[in-house]
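I have placed the structure first, in the form of structure tokens, so that the comments after it can refer back to it.
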Amino acid sequence: MEAFQKESAMQMAIAGINFDVRCQHPLSAERLPGAYRQFIKEASPLGTDINVIVRIETGTMPDTGQMTKIFDTGQSWSMFRRNNDYILSLNIPTADGQAIWLAAFDSHCSNISIYCSDLLMNKEKGLTTFATPLCYPLDQLLLMHILAGKSGALLHAAGLGMDNRGYIFPGSSGAGKSTLSRLLLGRDGAQMLSDDRMIIRKIDGKFRAFGTPWAGDAAIAENRSVLLDRIFYIHHAETNRVKELKPQEAVERLMPVTSIPWYDEKAIQDMLAFCGDLALNIPAYELYFRPDHNVVTFLEDFVCRNNI
């Protein structure tokens, strides 16, 4: 007979957004990548201003065959509609044909139910534990929706805190985010926040840049934040140079590196408004850089020359 188990809880805070995860069985974070450790809290952390209830459900999963599929990556996940709810499905089927998990949430994302398959369950000595599914890609996809309605966005970007000011370096895969991050790590007083994914939020009228658990090749993922001062869209080049961007040009650079739920019209409008606001209020540049340590000095000199 299985031992009596009371409901367990786990707190995960990313960019001031607290996920209050609850389950009828004990939750295990052992399978999470190491970068997640600093984002896991024993209690609801101070400094979070958005609280999201996440319930881990076991047993029968919802039948997506009776739902309308609205998006399919063709590889990892699909999105369905069920009345007013979204149903997100991880597309790696279990032996019985079910998904590993399904996540159900409405457009506000204040309450989320995650239905888990037995692959996330471990039974040992009469005790059942569940590996938390709240990690990549689920947490990223949920945050994409949450941020859309909360003046925020998830960007494909590296992030740096330097002299109490924040700088982000957006770019697509291969643009040099991890390369530049490794070079900047050696700068005295510099604090790299991420080499791959940054969250930007507007809080009390100011834009703040947050590190995330999703590291790139340089394995940089810090649970820190800093006020955003400048944006540099990066490109590999033979020489180091900077080109200032007009707000409209900045928006055009920003959209391809922003995570947007293109199947949700309201979320699209919210994200477009946020990107426009960001482009109007935070100076942006193209940074063409040669991948050696000279770019660190070049960037420092540019910052000083422009009284940034």
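Readers should treat all values here as calculations from the given coordinates under stated rules, not as data from a laboratory. Keep in mind it's a predicted model, so treat the numbers as computed, not measured. Because the Cβ atoms are built from the backbone with ideal geometry, glycine has one as well, and the counts that use them run over all protein chains shown.
Once the Cα gyration tensor of the chain is diagonalised, what are the square roots of 5 times its eigenvalues, in whole Å and ordered largest first, as equivalent ellipsoid semi-axes?
In descending order the semi-axes read 37, 21, 17 Å.
Just the C-alpha atoms of region 8-145: what Rg/Rh do they give, with Rh taken as the Kirkwood radius? List each step's numbers first, then the result.
Details: Rg = 14.8 Å, Rh = 15.5 Å.
On the Cα set of region 8-145, Rg over Rh gives 0.95.
Given a Förster distance of 35 Å, report the FRET efficiency between Ala29 and Asp49 from their Cβ-Cβ distance, rounded to the nearest 0.05.
Working: r = 24 Å, r/R0 = 0.68.
That gives a FRET efficiency of 0.90.
Between Asp204 and Lys69, what is the label-to-label distance in nm when each label sits 7 Å out along the Cα-to-Cβ direction?
Each label point lies 7 Å from its Cα, and together they span 4.7 nm.
Where does the Debye-calculated log10 I(q)/I(0) of region 163-256 sit at q = 0.13, 0.19, 0.22 Å⁻¹, using only Cα point scatterers of equal weight, no solvent?
Debye output, listed in q order: -0.45, -0.99, -1.32.
Pop the C-beta distance of Asp118 and Asn281 into the FRET formula with R0 = 35 Å and round what comes out to the nearest 0.05.
My answer for the efficiency is 0.10.
Among the listed pairs Lys177/Lys243; Lys69/Lys266; Lys41/Lys150; Lys150/Lys266; Lys69/Lys177, which have their C-alpha atoms separated by more than 24 angstrom in this model?
Flagged as over cut-off: Lys69/Lys177.
From a point 7 Å beyond the Cα of Thr60 in the direction of its Cβ, which residues of region 66-95 have a backbone N at a distance under 14 Å?
Once the point is set 7 Å along Cα→Cβ of Thr60, 66 turn out to lie under 14 Å by backbone N, inside region 66-95.
Lys and Arg at +1, Asp and Glu at -1: add these up for the other residues within a Cβ distance under 9 Å of Ala131 and post the number.
Charge balance in the 9 Å sphere: 0.
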